[in-house]
Amino acid sequence: MSDLDYIFSPQTVAVVGASTTPGKVGHDIFLNILRGGYTGTLYPVNPNAMSILSVRAYPSIAEIPDEVELAIIILPPALALESVGKSVAKGVKGIVIVSAGFKEVGGEGVEIEKEIVSICREAGVRLVGPNCLGVINPLPSVRLNASFSPRMPAPGKISFISQSGALCTSVLDFAADRDFGFSKFISIGNKADVDELDLLQYLHEDIDTEVIMIYLEELRRGPEFIEVVKEITSGRRRTPVLVIKSGRTSAGARAAASHTGALAGSEAVYDSIFEQSGIIRANSINELFDYASAFTYKTTTALGKISRKLPVGNRVAIVTNAGGPGIVATDMTISSGLELAQFQPQTVGQLAQHLPSTANLHNPVDVIGDATHDRYEHALAAVLKDEGVDGALVILTPQSMTDALGTAKAIVRVARGSRKPILCSFMGVVDVSEGVKYLQEHGYPVFRFPEDAAKAFGALYQHSRWLNREELKPFKLDHDTKLAKKIVQEAMGAGKTYVGELGGLDLLKCYGFKVLPTELAKTSREAGDIAERIGFPVVLKIVSEQIVHKSDAGGVLVKLRDRGEVTEGFKKIVDSAREYDSEAVIEGVLVQKMAPKGEEVIFGMNRYPIFGPLLMFGMGGIFVEVFQDVKFSLAPVGREEAVRMIHGIKGFKLLNGFRGRPKADIHTLEKLLVSLSDMAVNHPEIMEMDLNPLLVHPEGEGATVADCRIILKEALVGAADRKLTAQNL
Ligand code: ADP
Ligand code: MG
């Protein structure tokens, strides 16, 4: 038995702080448990009342004559603390604190919450809350509605975890309206002890839960979360996890001085966490429920085994009796990562046999407004048989001839013989309700609008792709970590907040990056000498701690072909840099060999307090922020993650040999991205990195670093100095 069973399925419950006054939380929760038909035994605790709602009350939990498994506490913080002590002494196995006024209000609340947690941890008692709506288990064997929602949802296969109490009530209303049933429903509030990860693990083992939905505001566990949830969504007993996340909190990134920092907002971190752990993100409560209904859709295989209906590919057939909704569905299909299937000639032939001459025999198939159920049946059967079709969207708009119930029955008949998912949108409310009801009763998800059905299909496909992702053999990489550590230590020791470009190149070399011959010139003459030594053409770059993006300051000159151009160029960029920022301290000018031709990509890293290093890949150059065509992933990035990031950007097409351009060395990029992740993991002193551009050459020719920026954790000395200056001000 899991310790959280005492929270969800206790045999006995005490409501500490139960009240005789209607409208008070202590009254309403007690009433809701009572009215919900709880199958266990319920005890109100109130020192000033004989009884609550005709049930004999006890002055203290200690005086309850039986064992108590779950204590639900509805008392102000100081009294709640006292009551936690008493509950633990009484031997309860679980506690839910509903009341607010703890960590979320600051001050004393923080201390009391901490104290409560330590009492519970010491006693091995799990705690939900404080500051939450409570817990609901609608299953007939328990029927516990320990919440301040008067509504007990229907029992079902979906569990819901919410970080917001207020949202729970509206979700319950929404669910009731759409006939949704729940297995477990929980509001986690401040998550002082039990958090979403504990619950995900618990619900993953729960035989009554088939889909988990979460409303999330922030996560407190990073890499561990990904590891655990990956297993939940794609390991043994795979359970889809759907999330809706509010964008309220920031993940606490520091103010950034790099491209990566500027692009890596907290949303990017969360999106990559969800993607890396196989969680599907919904953008609204409506979408959350739509997805949940698609994920509870099941099929019985030939061997009688029941499994979730997932598309193996993304090619969708649309069957509709109206043109407009078909077009809407087509558009949404494409924006949901799906494709409109191309039918084979025999499919088109079959469609022609059963449809009138006005019908559209190609995708989207239009069976015409006067279609009755038989046209739908023939058309659907024909497209599902096509090997180029992975699933179907059936759209029905009510017309005078439409037989919604008959069509629903036809869909169920056709679907029985196929493993391919069919998602339906019966538009309208009254006219189609019988058909909708029939489909739902037979386990088929029905959506109000075609675009909802298309999005849900996209979510199913996303999950299917996640489950079938390729496992790749890890790269064998050989890094010179010893030298790398020395370089970082030297910069830190010198009190620097960054590794200069020259040091940066040395550091990157330790991790297998190809760099260009580069030297610092203090005078134009020196620049000319260096250029002659390393060979033309060369590039000149201004070196100044104050100038972050050198091109902005006119600080970069490329393709300089002879000594004359170099000495002149030296003066030119020093002048423009001075003009750009008269206070900038100019250390000199880098003379760098011109790189061979390549596509400009960006590699980046930004370190977050809880989540650790966030890696970035995208199309690079000076327009990164304009196009924002980038992908993120939390470290450690392995080969599969690297492939996902590189293949995931829009510009991947350009790298993969677009319109006769040579295919870029993608394999090297994948290796280097894993190396950059290793670098981030090995050197916690590095806070941010930007390799922009990294020039990737044609296949087999590797990639060259043309610009790097590496920012360090503030050396202790530097930080202390800065504080002093701030105080002096
Ligand atoms: P910044 O990003 O600070 O403006 P960069 O060093 O990235 O400066 O230089 C600006 C642009 O010049 C790069 O995006 C790239 O297109 C080009 N460039 C810089 N160094 C080289 C090089 N060694 N070889 C070829 N092109 C270069
Ligand atoms: Mg650059």
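The values are calculated or read from the model by the stated rules, or taken from the named source; none is laboratory data. A quick note: this is a predicted structure, and the numbers were derived from the prediction, not measured. Positions of Cβ are backbone-derived with ideal geometry, glycine not excepted, and every protein chain shown enters the neighbour counts.
Here is how the numbers come out for the structure above:
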{"quantity": "Filtered residues of region 66-93 (kept if within 14 Å of Thr41 (Cβ to Cβ) and surrounded by fewer than 16 Cβ atoms within 10 Å (Cβ to Cβ))", "calculated": "Asp66, Glu67"}
{"quantity": "Ala268 being in a helix (DSSP H, G or I), closer than 24 Å to Glu641 by Cβ and modelled with pLDDT of 75 or more", "calculated": "yes"}
{"quantity": "So Ala595, is it part of a loop (DSSP other than H, G, I, E, B), in contact (Cβ under 8 Å) with a residue 12 or more places away in the chain and within 15 Å of ligand 1 (Cβ to nearest atom)", "calculated": "yes"}
{"quantity": "Selection within region 628-655 - touching an Asp or Glu at 6+ places or on another chain (Cβ under 6 Å), in a helix (DSSP H, G or I) and surrounded by fewer than 18 Cβ atoms within 10 Å (Cβ to Cβ)", "calculated": "none"}
{"quantity": "Residues being surrounded by 19 or more Cβ atoms within 10 Å (Cβ to Cβ), part of a helix (DSSP H, G or I) and not acidic (Asp, Glu) - total across region 198-211", "calculated": "5"}
{"quantity": "Answer residue from region 418-436, given it is more than 21 Å from Gly323 (Cα to Cα) and out of contact with any helix residue (DSSP H, G or I) (no Cβ under 8 Å at 6 or more places or on another chain) and is surrounded by the most Cβ atoms within 10 Å (Cβ to Cβ) among those", "calculated": "Arg419"}
{"quantity": "Filter result for Leu472 (touching a residue at least 12 places away in the same chain (Cβ under 8 Å) and in contact with an Asp or Glu (Cβ under 6 Å, 6 or more places away or on another chain))", "calculated": "yes"}
{"quantity": "Spans of helices (runs of 4 or more DSSP H) in region 388-482 with at least 3 residues closer than 23 Å to Gly337 by Cα and out of contact with any Pro (no Cβ under 6 Å at 6 or more places or on another chain)", "calculated": "450-467"}
{"quantity": "Of the criteria (1) in contact (Cβ under 8 Å) with a residue 40 or more places away in the chain; (2) buried (at least 22 other Cβ atoms within 10 Å of the Cβ); (3) aliphatic (A, V, I, L, M), which one Leu139 fails", "calculated": "(2)"}
{"quantity": "Cβ-Cβ under 7 Å pairs, at least 6 apart or on other chains, region 544-565 side among the hydroxyl-bearing types (Ser, Thr, Tyr), far side near ligand 2 (Cβ under 10 Å from one of its atoms)", "calculated": "Ser551/Ile622"}
{"quantity": "Close pairs (6 angstrom Cβ cut-off, 6 or more residues apart or separate chains): in a loop (DSSP other than H, G, I, E, B) in region 16-38, among the charged types (D, E, K, R) anywhere", "calculated": "Gly36/Arg143; Gly37/Arg143; Tyr38/Arg143"}
{"quantity": "Test: residue in region 593-603 that is crowded, with 17+ Cβ neighbours inside 10 Å and farther than 30 Å from Arg644 by Cα", "calculated": "yes"}
{"quantity": "Check on Lys482, loosely packed, with under 14 Cβ neighbours inside 10 Å and at pLDDT 95 or above", "calculated": "yes"}
{"quantity": "Sole exception among (1) surrounded by 16 or more Cβ atoms within 10 Å (Cβ to Cβ); (2) within 21 Å of the chain's Cα centre (by Cα); (3) among the basic types (Lys, Arg) for Lys184, by number", "calculated": "(2)"}
{"quantity": "Elements of type strands (runs of 3 or more DSSP E) in region 507-561, at least 2 residues being over 15 Å from Ala584 (Cβ atoms) and within 9 Å of ligand 1 (Cβ to nearest atom)", "calculated": "538-543, 556-560"}
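Residues checked against (1) within 37 Å of the chain's Cα centre (by Cα); (2) small (Gly, Ala, Ser):
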{"site": "Met492", "(1), (2)": "yes, no"}
{"site": "Thr497", "(1), (2)": "yes, no"}
{"site": "Leu516", "(1), (2)": "no, no"}
{"site": "Ala527", "(1), (2)": "no, yes"}
{"site": "Gly535", "(1), (2)": "no, yes"}
{"site": "Ile542", "(1), (2)": "no, no"}
{"site": "Ser551", "(1), (2)": "yes, yes"}
{"site": "Gly555", "(1), (2)": "no, yes"}
